[in-house]
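So the structure is just underneath, and the comments pick up after that.
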């Protein structure tokens with residue numbers, strides 16, 4: 001690399017959207033020494049989850065980032081899904097979603113995080 005080239009400059013990235021994908025990207029870049037700024041169109045944090053369930057593939061990625069075990073420990077196995085409009089419960093499905101068989105993963109169970 002030539003001294004003074006564009007490659008010598010500090011790289012920084014602007015990430016638009018602070019949902020699960022944007023925050024994971026920011027964490028990944030940071031671990032590689034790349035500065036990132038995250039912005040979102042909302043003025044305040046959302047009052048609803050942007051990621052209802054953390055699926056096994058996501059937990060694998062998070063494990064690669066060094067936080068998968070913490071997420072798995074803090075998470076609750078997915079056992080029911082409730083559908084509603086905020087004021088009224090419309091439906092509730094109760095059943096443990098078992099994915100342990102057939103998924104070669106240290107985190108085969110989808111989880112919910114409080």
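The values are calculated or read from the model by the stated rules, or taken from the named source; none is laboratory data. Owing to the predicted nature of the structure, the values given are computational and were not obtained by experimental measurement. Glycine also receives a Cβ, built like all others from the backbone with ideal geometry; neighbour counts cover every protein chain displayed.
Is it the case that segment 79-100 has a residue that's in contact with a strand residue (DSSP E or B) (Cβ under 9 Å, 6 or more places away or on another chain) and touching a residue at least 24 places away in the same chain (Cβ under 8 Å)?
We begin by selecting, within segment 79-100, every residue in contact with a strand residue (DSSP E or B) (Cβ under 9 Å, 6 or more places away or on another chain); these are 79-84, 89-97.
Next, from what is left, pick out any that are touching a residue at least 24 places away in the same chain (Cβ under 8 Å): none.
Checking segment 79-100: not a single residue is in contact with a strand residue (DSSP E or B) (Cβ under 9 Å, 6 or more places away or on another chain) and touching a residue at least 24 places away in the same chain (Cβ under 8 Å).
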Do you know which residues across segment 1-25 are part of a helix (DSSP H, G or I), farther than 19 Å from residue 47 by Cα and modelled with pLDDT of 85 or more? 24, 25
